[in-house]
Amino acid sequence: MLVTALPAPTTVAYEAVIGLEVHAQLRTRTKIFCGCPTDFGAAANAHVCPVCLGLPGALPVLNAEAVQMAVRAGLATGCEVQARSVFARKNYFYPDLPKGYQISQADQPVCVAGHLDIGDACRLDINDGASGAPRRIGITRIHLEEDAGKSVHGEGGVHASFINLNRAGVPLIEIVSEPDLRTSEEAVTYLRELRAILVYLGVCDGNLDQGSFRCDANVSVRPVGQQRLGTRCEIKNMNSFRSVRDAIDYEIARQTALCRVGERIAQQTRLWNQELARTEPMRSKEESHDYRYFPDPDLLPLRIDEAVFRALAATLPELPAQKRTRLQRDLGLSAAVAATLCEEPQRVDRFEAALGTNPDPKQASALAHFLMAQVAGALNRMEQRSWDDVAAAMPELLTLCERWRSGGLSNKMLAEVLQQAFLSENPLPDALLAAMAQAGSVVRDEGAVQAAVDQVLAAHPKELQRYRGGQTQALGFFIGQVMRRLAGKGDAALVTDVLKRRLDG
Amino acid sequence: MIPMEYLSIDSVLHGPFQAPSQASTADRVAHVARLARIELRPEEAAMLGHDLDRILAYVEELRAVDTDAVEPMIHAGDRGLVLRQDVERDGLGAAMATAGAPATEGGAFVVPRVIG
């Protein structure tokens with residue numbers, strides 16, 4: 001009898017190993033090494049000077065605010081802030097890099113050895129199976145660097161590229177994770193949490209489509225149980241959380257399929273193609289791994305006194321994880337509701353402000369669930385409004401929620417108020433007030449309700465017979481019919497009460 | 001990601017080659033020329049190769065010195081970096097910034113198409 005030494009290839013289970021590199025644009029007023037403004041959307045080359053143009057003789061002078069922001073980001077992610085860090089030149093040639101090198105940090109970054117806990121956040125339940133502790137993702141390093149300019153490549157046969165250097169020299173931090181992530185879900189959760197932290201700190205506006213928060217992913221696969229890492233591919237060109245998730249899933253499937261048939265993975269940089277929903281190898285011409293880093297002679301080592309980062313540590317705001325815990329503990333919100341509210345500091349701040357200084361947990365919970373169900377539903381249906389609009393209208397939404405809860409508005413009236421306000425071109429607070437004023441109030445006139453009930457019972461003798469024959473579930477049908485006759489404005493409790501009396505009496 | 005070759009000289013010495021010994025002068029010149037995005041005529045490559053060999057031989061001579069116990073000195077003096085406040089200063093403006101450019105359009109520098 002033959003004994004096969006190896007299991008059939010199809011029985012091998014693979015796991016993915018994912019590390020993320022995030023570039024976050026710092027919200028300084030001016031660039032990292034010169035006094036040019038960082039405003040987005042200015043006319044081409046309106047914000048350039050000899051330093052960021054790389055003109056001969058110009059010398060970089062580091063922006064103190066950029067350093068403080070990088071240190072705050074490091075402190076908020078449990079990093080060790082290095083007392084001494086060094087700027088280096090990363091050499092490559094590209095038209096949007098005027099100096100021929102990017103000033104970055106190489107072997108001595110400003111922050112090292114941090115971590116981010118994911119899992120308590122979530123819609124998802126990502127925890128370490130055994131301990132039940134939230135998954136801890138290591139942060140290898142955070143370093144400061146300058147952004148490059150922007151190239152626009154001519155379309156329709158134009159054989160030219162157009163270079164705008166307004167972005168050249170805008171301060172960035174690059175946050176490099178350990179390869180601790182295993183699924184695209186974890187990767188996206190990590191990114192959302194990191195983004196929220198940076199936005200809470202006020203160091204980044206977290207805008208993925210404008211590119212102020214960008215992510216590259218290193219993905220490899222290996223048989224479950226193998227310690228050694230597989231060959232990795234770096235994926236670029238993902239500009240939404242969704243594309244990060246899709247690109248990682250695609251890449252895991254691609255690499256796993258290759259491994260199953262025994263092919264080698266080529267180490268390469270691949271670009272996510274959103275339209276075709278696949279990753280494609282970047283042409284080797286565009287690649288350049290030979291950066292020849294060396295310490296920048298124009299910049300002395302950056303020294304950060306312990307006193308400085310202690311002072312900065314004292315300025316850290318309540319961070320998303322702390323806020324979620326507090327809202328769950330003090331206001332009884334569910335984890336999912338707390339997570340959605342806390343995604344944006346403005347959203348949760350307005351939520352808390354609307355509830356006042358001594359929030360009533362019942363009211364808070366009602367408002368939170370109202371936001372997550374009715375308001376989120378309206379946001380999904382009517383795309384012209386955003387969570388920013390909702391945040392701005394929090395007091396009005398609280399009023400609306402209270403009116404609905406106390407029975408002053410029926411479900412149908414509430415839906416109409418939301419629809420009218422969300423479709424209006426006025427600011428949402430004004431639109432809500434107007435729609436509430438027009439909604440009128442529920443019909444509490446017992447005579448009117450009785451008249452409607454009589455009409456409905458007369459119009460549906462069959463159903464009446466069935467009800468009286470014991471099929472009491474027909475009650476719901478009658479309630480619906482009566483509400484319809486009252487144009488959706490009947491007081492639900494009163495309608496039910498009158499109907500029951502008539503039916504059972 | 002930080003590549004293995006941190007100091008530039010290693011890249012020039014080893015480049016993409018498996019071992020330093022495999023790197024011929026011509027390979028090194030071609031490698032550096034590619035990184036610098038310059039085209040060399042054969043006689044220029046030969047001349048630069050000659051110079052590069054001499055420079056690298058000198059560097060090899062320096063590398064022979066045992067510096068294990070010596071702290072690297074990158075900068076003369078180590079007083080720490082002087083920082084500036086986050087305050088705007090006037091720049092050049094697009095017209096002056098692009099005044100020396102061979103071609104401009106709408107304030108942008110126009111260069112030969114970079115991709116595709």
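Brief remarks on what is shown
- Subset of segment A:67-97 [part of a helix (DSSP H, G or I) and in contact with a Lys or Arg (Cβ under 8 Å, 6 or more places away or on another chain)]: A:Met69
- Selection within segment B:78-112 - part of a strand (DSSP E or B) and either touching a His at 6+ places or on another chain (Cβ under 9 Å) or touching a residue at least 12 places away in the same chain (Cβ under 8 Å) (or both): B:Pro112
- Residue match in segment A:324-334 (condition: of a type in the set (Asp, Glu) and at pLDDT 85 or above): no
- Among the candidates A:Ala435, A:Ala421, A:Ala459, residue that is on the phi < 0 side of the Ramachandran plot, modelled with pLDDT of 80 or more and of a type outside the set (D, E, K, R): A:Ala459
- Test result for B:Asp90, surrounded by fewer than 13 Cβ atoms within 10 Å (Cβ to Cβ), charged (D, E, K, R) and within 11 Å of another protein chain (Cβ to nearest Cβ): yes
- Residue match in segment A:415-438 (condition: among the hydrophobic types (A, V, I, L, M, F, W, C), under 27 Å from A:Gln481 (Cα atoms) and not in a helix (DSSP H, G or I)): no
Matching residues to (1) over 24 Å from the mean Cα position of the chain (by Cα); (2) of a type in the set (Gly, Ala, Ser); (3) under 22 Å from A:Glu344 (Cα atoms):
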site: A:Leu379; (1), (2), (3): no, no, yes
site: A:Glu383; (1), (2), (3): no, no, yes
site: A:Leu397; (1), (2), (3): no, no, yes
site: A:Trp404; (1), (2), (3): yes, no, no
site: A:Leu428; (1), (2), (3): no, no, yes
site: A:Ala434; (1), (2), (3): yes, yes, no
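- From B:Gly77, B:Gly93, B:Gly49, B:Gly100, residue being of a type outside the set (Phe, Trp, Tyr) and touching a Ser or Thr at 6+ places or on another chain (Cβ under 9 Å): B:Gly49
Yes/no per residue for (1) outside any helix (DSSP H, G or I); (2) in contact with a Ser or Thr (Cβ under 8 Å, 6 or more places away or on another chain); (3) away from every other protein chain (no Cβ under 11 Å); (4) more than 18 Å from A:His143 (Cα to Cα):
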site	(1), (2), (3), (4)
A:Arg292	yes, yes, no, no
A:Leu299	yes, no, no, no
A:Phe309	no, no, yes, no
A:Leu312	no, no, yes, no
A:Gln322	no, no, yes, yes
A:Thr325	no, no, yes, yes
A:Ala336	no, no, yes, yes
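Yes/no matrix, rows are residues, columns are (1) within 9 Å of another protein chain (Cβ to nearest Cβ); (2) outside any loop (DSSP other than H, G, I, E, B):
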site	(1), (2)
A:Ala24	no, yes
A:Arg27	no, no
A:Ile32	no, no
A:Gly35	yes, no
A:Ala44	yes, no
A:His47	yes, no
A:Ala58	no, no
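- Those residues of segment B:59-87 which are more than 7 Å from chain A (Cβ to nearest Cβ) and acidic (Asp, Glu), in sequence order: B:Glu60, B:Glu61, B:Asp66, B:Asp68, B:Glu71
- Residue in segment A:461-475 that is free of Cβ contacts under 8 Å to residues at least 60 places away in the same chain, hydrophobic (A, V, I, L, M, F, W, C), surrounded by 18 or more Cβ atoms within 10 Å (Cβ to Cβ) and in a helix (DSSP H, G or I) present: yes
- Restricting A:Ala16, A:Ala70, A:Ala66 to residues that are among the hydrophobic types (A, V, I, L, M, F, W, C) and modelled with pLDDT under 95 narrows the list to A:Ala16.
- Once segment A:173-188 is narrowed to residues that are part of a strand (DSSP E or B) and surrounded by fewer than 24 Cβ atoms within 10 Å (Cβ to Cβ), the residue that is nearest to the other protein chains (Cβ to nearest Cβ) is A:Val176.
- Any hit, segment A:392-401, residues being within 26 Å of A:Cys204 (Cβ to Cβ) and in a helix (DSSP H, G or I): yes
- Among the residues of segment A:162-190, the ones that are polar (S, T, N, Q) and over 16 Å from A:Gly19 (Cα atoms) come to 2 in all.
- Hits in segment A:152-165 - residues which are closer than 22 Å to A:His47 by Cα and either more than 9 Å from every other protein chain (Cβ to nearest Cβ) or surrounded by fewer than 19 Cβ atoms within 10 Å (Cβ to Cβ) (or both): A:Val152, A:His153
- Filtered residues of segment A:373-386 (kept if surrounded by 18 or more Cβ atoms within 10 Å (Cβ to Cβ) and assigned to a helix (DSSP H, G or I)): A:Gln374, A:Val375, A:Ala378, A:Leu379
- Number of the exception - A:Ala451 against (1) outside the structural domain of A:Leu371 (by TED's automatic domain parsing); (2) at pLDDT 80 or above: (2)
- Residue that is in a loop (DSSP other than H, G, I, E, B) and closer than 26 Å to A:Gln267 by Cβ, where the choices are A:Arg245, A:Arg254, A:Arg228, A:Arg214: A:Arg228
- Taking segment A:67-88 as the range and being crowded, with 22+ Cβ neighbours inside 10 Å and within 12 Å of chain B (Cβ to nearest Cβ) as the test, the residues that pass are A:Val67, A:Met69, A:Ser85, A:Phe87, A:Ala88.
- Within segment A:50-66, the set of residues being crowded, with 21+ Cβ neighbours inside 10 Å and within 17 Å of A:Ile163 (Cα to Cα) comprises A:Val51, A:Cys52, A:Leu53.
- Listing of helices (runs of 4 or more DSSP H) fully contained in segment B:1-64 that carry 3 or more residues being modelled with pLDDT under 85: B:8-14, B:25-35
- Flag for A:Ala321 being in contact with a strand residue (DSSP E or B) (Cβ under 7 Å, 6 or more places away or on another chain) and either touching a residue at least 60 places away in the same chain (Cβ under 8 Å) or among the charged types (D, E, K, R) (or both): yes
- In summary, A:Val203 fulfils each of the numbered conditions (1) crowded, with 19+ Cβ neighbours inside 10 Å; (2) assigned to a loop (DSSP other than H, G, I, E, B); (3) within 12 Å of another protein chain (Cβ to nearest Cβ) with the single exception of condition (3).
- Of all the residues in segment A:317-337, those that are of a type in the set (A, V, I, L, M, F, W, C) and loosely packed, with under 15 Cβ neighbours inside 10 Å number 1.
- Segment A:461-488: number of residues that are in contact with a helix residue (DSSP H, G or I) (Cβ under 6 Å, 6 or more places away or on another chain), under 27 Å from A:Val417 (Cβ atoms) and basic (Lys, Arg): 1
- With respect to being free of Cβ contacts under 8 Å to residues at least 12 places away in the same chain, assigned to a helix (DSSP H, G or I) and among the basic types (Lys, Arg), A:Arg329 fits the description.
The values are calculated or read from the model by the stated rules, or taken from the named source; none is laboratory data. These figures come from a predicted structure and were not determined experimentally. Note that each Cβ is placed from the backbone with ideal geometry, even for glycine, and that neighbours are counted across all protein chains shown.
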